[in-house]
Amino acid sequence: MAYIAPPQVVAGPARAPLPYGIFSVVDFETPDDPHWQAGGIQWEYLDPFTVQLIGQVQSPESDTSGLPIEFDNSADFDSGDLPDLDPGYTSATLFTAIGSFKVSPTAWSAEQALERATTVLTTFEERQVEHALWNGDVGASPSLTGAETLGSWDYESAHIALGELEQFIADTYGSLGVVHIPRKIALTLLHNGTLFTRGNALFTALGTPVVSGSGYPDGAMRATPALRGFRSEIFSATSRPGDNFDRLRNDQYAVAERTYVIAFDPTGVGEVEITA
């Protein structure tokens, strides 16, 4: 059988991003000063357990509970690979997401190829950013690796496991943190009412933001302090005409890139295992 005419070329089905990924929790900043894109960032870490209590003043004063006040000018945590940092500081490294495209023969212009590479980047970068955060890909630090395992539960008890993570955040961070949940587990928790949606975001019943990423593998949930993210504008490997054209093989290359940093305080990452 032969068709009487070739098929018409049209745009493919529109893609929409999966909801409740890391872009729904982190409002990425793009600072005017691009220095962070070379060396990452550092910030002063706030110890959540330095607040002390003093009881009602007694006479003599030495009988007052909580006196004298104890001062600790050093922070007991790892500053990463930057040993020259002052005590009390921690750091985060950068990584770059890349969308690429090659067409042969060169039926596309360089501008069209770059547009296609940019579409590849913007369509799938959220998944890759989540994957880098979960696994520490390409040296991304901090990451969710090295988490403290709090126990193992099955799917029917996943809400109890989530409670362990909430308690872990309270005990180690003492502020509003973030829970990271694979989509399969998140659906179970939505079904039993432990999670709820508000607008384009997902939260636990206690109001803790949730990242339910497509870049997170099934089998565990993790908890971190609050997240802060930087990302650059999209840029190309080169802006000089002809640099991405291979004249020997008649191939047109295009690369679209965006640099990221995701940061959180080094109070620890908690993990609960969820078994089928």
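The values are calculated or read from the model by the stated rules, or taken from the named source; none is laboratory data. Note that this is a predicted model, so its numbers are computed, not measured. A quick note on method: Cβ atoms are made from the backbone with ideal geometry, for glycine too, and the neighbour counts reach across all protein chains shown. Note: accessible area is taken over every heavy atom of the protein model, side chains too, but ligands, DNA and RNA are not part of it. Shrake-Rupley method; radii C 1.70, N 1.55, O 1.52, S 1.80 Å.
Data table
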read-out	value
Pairs, first in contact (Cβ under 8 Å) with a residue 12 or more places away in the chain in the stretch 192-211, second assigned to a loop (DSSP other than H, G, I, E, B) and open to solvent by 30 Å² or more (accessible area, probe 1.4 Å), C-beta under 6 Å, six or more apart	194/205; 202/20; 209/25; 211/25
Any hit, the stretch 110-122, residues being at pLDDT below 80 and open to solvent by 100 Å² or more (accessible area, probe 1.4 Å)	no
Selected residue (criterion: most open to solvent (accessible area, probe 1.4 Å)) from residues of the stretch 39-66 that are at pLDDT 80 or above, among the β-branched types (Val, Ile, Thr) and part of a loop (DSSP other than H, G, I, E, B)	57
Pairs with Cβ under 7 Å, 6+ apart, first in the stretch 153-166 and without any contact (Cβ under 8 Å) to a residue 40 or more places away in the chain, second exposed (fewer than 15 other Cβ atoms within 10 Å of the Cβ) and outside any strand (DSSP E or B)	159/192
Top-ranked residue in the stretch 144-163 [being within 22 Å of the chain's Cα centre (by Cα) and more than 18 Å from residue 212 (Cβ to Cβ); ranked as least open to solvent (accessible area, probe 1.4 Å)]	150
Residues (at negative phi and outside any helix (DSSP H, G or I)) located in the stretch 127-145	140, 141, 142, 143, 144, 145
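Here is a yes/no grid of residues against (1) of a type outside the set (S, T, N, Q); (2) closer than 30 Å to residue 41 by Cα; (3) touching a Phe, Trp or Tyr at 6+ places or on another chain (Cβ under 6 Å):
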| site | (1), (2), (3) |
| --- | --- |
| 123 | no, yes, no |
| 154 | yes, no, no |
| 159 | yes, no, no |
| 166 | yes, yes, no |
| 192 | no, no, no |
| 195 | yes, no, no |
